[in-house]
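The values are calculated or read from the model by the stated rules, or taken from the named source; none is laboratory data. Every value quoted in this text rests on a predicted model; they were computed, and no experiment measured them. Neighbour counts are summed over all protein chains in view; Cβ atoms, including those assigned to glycine, are modelled from backbone coordinates with ideal geometry.
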Amino acid sequence: MKTLNDRGVLAYFTGHRVAANLIMVIVVLAGLVALNRIQTQLMPDVTIPVISINTTWTEANAATVEKSLTSPLESALSNLDDIEEVWSWSSEGHSQIILRYALDADMDDAMSELTSFLNTYRDLPDGAEQPEAELEEDREAMFSLLVSTEGPVTELRPLVQQFKNDLLGRGIAEVDVRGFPDEEIRVEADLLSLVQQQTGIDQIAGRIAGTNQNSPGGLLSTDAAQVSVTTDKKNERAQHISQLTLNGNTPLGEVASVSRETREGARHYVLEGKEVVRLLIFPSPQIDSLETSDIVYQWLDDVRPELPRGVDIVVWWDMSEVVEGSLDMLISNGLVGLLLVICILFFFLNRHVAWWSAIGIPISIAGTFMLLYGTGGTINFLSVFAFLMALGIIVDDAIVVGEETVTQMEKGKPAHEAALLGAKRMFAPIIASSLTTIAAFLPLLLLPGPFGEMLRPVPVVIISVIIASLIECFLILPGHLNHGLSKRGHQRSRFRQAMDSGFNRFRDNLYRPFVTAAIHNRFVTVLLAIVMAVLAGAMVLSRTVPFSPELEVEDNMVTASVSFRDGTDESVVEYYTEALKRTLAETDDSFETDNGIVTQVYEIYSADEGFAQVQAKLVDRDDRPLSNADFLKAWGERIPGGPDVDRISTNQDSASASSGPTLSFFLAGRNLDDLTAGANALKTRLEQYAYLSDITDDLPEGGDEIVFTLTPAAEQVGLTDTQVSAQLRQALMGAQAQSFTEYDASLEVNVRLPNDAISNTAQIRDLPIRIPDGSWVRFGNIAEFHTQQAFGTVFHHNGQVGVRINAVILDEEADSNALSREIYQADVEPVLQQFGLTGEIQGTAQDIQEMFRNLGIAAIAGLLLIYFILVWVFSNYAWPFAVMSAIPFALTGAVFGHWALGMNLTFLSIFGLFGLSGIIINDSIILINRYQELRNEGWEVKPAIIDASCQRLRAVLLTSITTVGGLIPILMSDSIQAQLVQSMAASLAFGISYGTLLVLLVIPALLTYIESAANKIRQFKQWLLSRLRPKSLKPQP
């Protein structure tokens, strides 16, 4: 029986006959169980902890809400814990405050603290309702289903309600139904009738609310159950409400018209000219994307055969298709990459070593699944790509141990001793290389903000793969090598002999002279590497290889939209909706393709919300001659503007129909007048730049408001500002009497005057105002007034009134980050000083600056960690610089790779550079570790460097080739999903390829410089000590 004696863990597992197999089986089974339980989704969950606080104050305009409600409440909320950012919007009758908490905040505690605070808050103005707090859930819809019918869309209400209930019953978390026209029961009373009946809008609303309700009637007990009893007086139909009586038993229908109407300005959903109802389907957190897809499609299969005549259900978009397509793409490419890696292993290595190295791939992946499940991870697009990126990393350790084992056997060692010696000799360099790779990825694990949260699966998977690979390499592989190699004959196959002979000739006849020449001409060698690195840097700075903050991914959906100024009439919104569709058709026709480019058109518009949007599905990218950006640019150029249009946008860019980059500046101040003046001044300055267009701000212009001052006559009859304001508001806007729920939708009963009752200043002046004794006075007799334009919404950011100024850069290749900084210094700062404002760069440029700052900190932290690890491994302060010099050389290769493939640098490219930094120095560690061994054996510097390079040539080449081989299928793929990660794959593949070449040639040359410098320093120290050593005193005579 084997025991864990003083020979150590490696010796125990190398010699034990079944221990390696037992661990392998346990890891694989645990990995399969974990894989079955890990959820599948498109992208990682990025939950930004947010709480919204909504307060209604019906009588107040936007400025009053901002001054008396929002600002004091914001100031009081600033004392709560973990709040990082505060936004607020003050509009007519409503205040909304958004609190963004730290990502690690305990939101249960935060919600409890906030609720307690709001319950004890006593500074609300009179008339404001109690604030309501709600924890916002940032969930992504999985499906968009469109339900159409031949008749009026309102006929679908019962059927859609049945659809919703059925889906919820099958496990869907939420179904958001949109598209039914918003309806109301409208009670319109003319002014003359109100005066004659000695009543007002508020009294009619109160009468409806008091009568039209459910009254409790007690409990009725039966043998089976206890049933609650109510008196049902809910007169939801208009004719029932019209029969309610007022003063003197006058029916309401004689004083006012009562009808059920569609509210003006409601949102409309239209597919191919037919009104539709949209169902957004949200998955349950307990069910992954693919299971949700199965539920929805099974439901569609069940319900479609039973649909009434003329009713149809269309899947407009399905995120599960993207999830499945992305995962299938990565998995299929991963399998191809795995096959390439295995072929490379069998081509270059002993078949036993190749076999057990290849077996280590699924074992390590299973171990990674186990670790991923334990850390709460999911299978998503980025985590699967990380697995693909790690294919080469997984076999690197096995290759090094296997290669060393074969080397020891060729020296005459038996299989058991060779396997143990190979594991022991490679233990230190493999641990060092693993730690340096972890050190490169670890800072990325700590990146702050949503971007860091989204990309977190990549370092989590890579670090898990490294840990699993170490377990496989030292606890499983040595035992398998021992038993596998002990059974092989001493006679190698002809293929193996030919391959080994060919490699030896390459090493001795080509590489050895080449590396010797590189060392003898070390100045030229290092200078060429530095020149190439400088050239790569110049390519980035000159934008030959530009940085792009956006991922250039083609899909088959394009969108254009128009946003309107407040108060825009519904007919104008409908006109621009038709204009969007007309210009879309003109754009489609202009490209003169055989069957057209546009396949389906879907429109959404609303006058109340002030927007019109048209979405178009295009044919597949391979079947059309132009990109989405080209199509959108041509479409955007045709969309007309106008005085009612606030902004035109496409899905290529949120600020303009042109697809160029944008500038965005945020101005903040303490009052609206200075802020408005500053915003106008800045827009004037920006208009002087010929390369800027579509310069806009987001200060929404509200409608007209009445500003009045009561005269002494009002005080004489007992009227106050509050009483008059309430009656004016009721006359202009009406009053809500009650709200019912019908098919999960709200049905309001609103009392109002006819639309043409108050349409000019004279009618406002003649408006009857009810005084406390019940009689009436003319508004013009008790008040002086004028009308002015009001702010639609007042925006705050962290307690300051704010406005955003946006502009489109006409040059699509312009560096928006640099241009933003330049304009900020030249134009924004003078405006800030002139009007006493504060400001900052926002939008894309701000995001880029913040991300570069975080990535810079992560890079410094990673390099320091790598240096400390290498100093510890080599017990030398200078050698780590030779190892780490591979990093900038590898980055050079990554830049050249982007240039060769015509790619822009993206954030994913930079993310790949971090991984590259950890991977590329592994080869340097293997080489320098062997050099250290030879130096300890007494070799001279240059012969030791040359021989170490030759001895480690196969291992260095194989580790690099297998890593690159795993990425080649991604780089060659033309699928939409592959475009997301090709920039990261390019950084890794080209960086490793170029970096490996320099590791084998430049690192040896640099090492001679470092050794020469170290020798000079030692000589200088000896000379200095000899000069400082005190001379012995001469004896006294």
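Structure above, values below:
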| read-out | value |
| --- | --- |
| Selected residue [of a type in the set (G, A, S), closer than 16 Å to F369 by Cβ and touching a Leu at 6+ places or on another chain (Cβ under 7 Å)] from A468, A386 | A468 |
| Members of the stretch 768-827 found to be in a loop (DSSP other than H, G, I, E, B), closer than 30 Å to Y101 by Cα and at pLDDT 75 or above, listed by number | N798, G799 |
| Qualifying residues in the stretch 686-720 (those that are modelled with pLDDT under 80 and acidic (D, E)) - the one nearest to S816 (Cα to Cα) | D694 |
| Residue identified as closer than 30 Å to E324 by Cα, part of a strand (DSSP E or B) and of a type outside the set (A, V, I, L, M) among S144, S95 | S144 |
| Selection from the stretch 95-141 of residues that are within 17 Å of S52 (Cβ to Cβ), touching a helix residue (DSSP H, G or I) at 6+ places or on another chain (Cβ under 7 Å) and not β-branched (V, I, T) | S95, L99, Y101, Y121, A128, P131, A133, L135 |
| Residue check, L475 within 23 Å of L957 (Cα to Cα) and among the hydrophobic types (A, V, I, L, M, F, W, C) | no |
| In the stretch 183-200, the residues that are within 15 Å of L767 (Cβ to Cβ), in contact (Cβ under 8 Å) with a residue 24 or more places away in the chain and surrounded by fewer than 17 Cβ atoms within 10 Å (Cβ to Cβ) | D190, S193, V195 |
| Hey, S739 farther than 30 Å from I809 by Cβ and modelled with pLDDT of 75 or more or not | yes |
| Lone unmet requirement of (1) farther than 24 Å from Q41 by Cβ; (2) within 39 Å of the chain's Cα centre (by Cα) for L191 | (2) |
| Unique residue being under 22 Å from E174 (Cβ atoms), out of contact with any Gly (no Cβ under 8 Å at 6 or more places or on another chain) and not in a helix (DSSP H, G or I) when the list is V303, V315 | V315 |
| Residue among V153, V86 that alone is touching a residue at least 12 places away in the same chain (Cβ under 8 Å) and more than 30 Å from N671 (Cα to Cα) | V153 |
| The listed residue being part of a helix (DSSP H, G or I) and crowded, with 24+ Cβ neighbours inside 10 Å, out of P880, P888 | P880 |
| Residues that are farther than 22 Å from L191 by Cα, free of Cβ contacts under 8 Å to residues at least 24 places away in the same chain and either out of contact with any strand residue (DSSP E or B) (no Cβ under 8 Å at 6 or more places or on another chain) or in a helix (DSSP H, G or I) (or both), drawn from the stretch 712-767 | P712, E715, Q716 |
| Selected residue (only one of S52, S68, S90 is at pLDDT 85 or above and closer than 30 Å to P457 by Cβ) | S52 |
| Answer residue from the stretch 122-173, given it is more than 35 Å from the chain's Cα centre (by Cα) and of a type in the set (G, A, S) and is farthest from R100 (Cα to Cα) among those | G151 |
| Qualifying residue in the stretch 435-443 (condition: assigned by TED's automatic domain parsing to the domain that holds G376, crowded, with 24+ Cβ neighbours inside 10 Å and of a type outside the set (V, I, T)) | yes |
| Among (1) of a type in the set (K, R); (2) in the same structural domain as A518 (by TED's automatic domain parsing); (3) at pLDDT below 85, the one test that K1034 misses | (2) |
| Test: residue in the stretch 52-73 that is in contact with a Leu (Cβ under 8 Å, 6 or more places away or on another chain), part of a strand (DSSP E or B) and crowded, with 19+ Cβ neighbours inside 10 Å | yes |
| Matching helices (runs of 4 or more DSSP H) fully within the stretch 401-517 where at least 3 residues are more than 36 Å from the chain's Cα centre (by Cα) | 415-445, 477-486, 494-505 |
| Qualifying positions in the stretch 849-897 - of a type in the set (G, A, S) and either over 31 Å from the mean Cα position of the chain (by Cα) or within 21 Å of N1015 (Cα to Cα) (or both) | S875, A878, A882, S885, A886 |
| Output for the stretch 648-676, where each listed residue is modelled with pLDDT of 70 or more, under 25 Å from Q800 (Cβ atoms) and surrounded by 16 or more Cβ atoms within 10 Å (Cβ to Cβ) | T662, L663, S664, F665, F666, L667, A668, G669, L672, D674, L675, T676 |
| In the stretch 273-285, the residues that are farther than 15 Å from E137 by Cα and either part of a loop (DSSP other than H, G, I, E, B) or among the acidic types (D, E) (or both) | G273, E275 |
| Inter-residue pairs, beta-carbon under 8 Å, first touching a residue at least 40 places away in the same chain (Cβ under 8 Å) and in the stretch 238-258, second among the basic types (K, R) and surrounded by fewer than 18 Cβ atoms within 10 Å (Cβ to Cβ), 6+ apart | A238/R260 |
| Contacts under 8 angstrom Cβ, first residue in the stretch 112-137 being closer than 17 Å to E74 by Cβ and at pLDDT 90 or above, partner assigned to a loop (DSSP other than H, G, I, E, B) and of a type in the set (K, R), 6 or more apart | none |
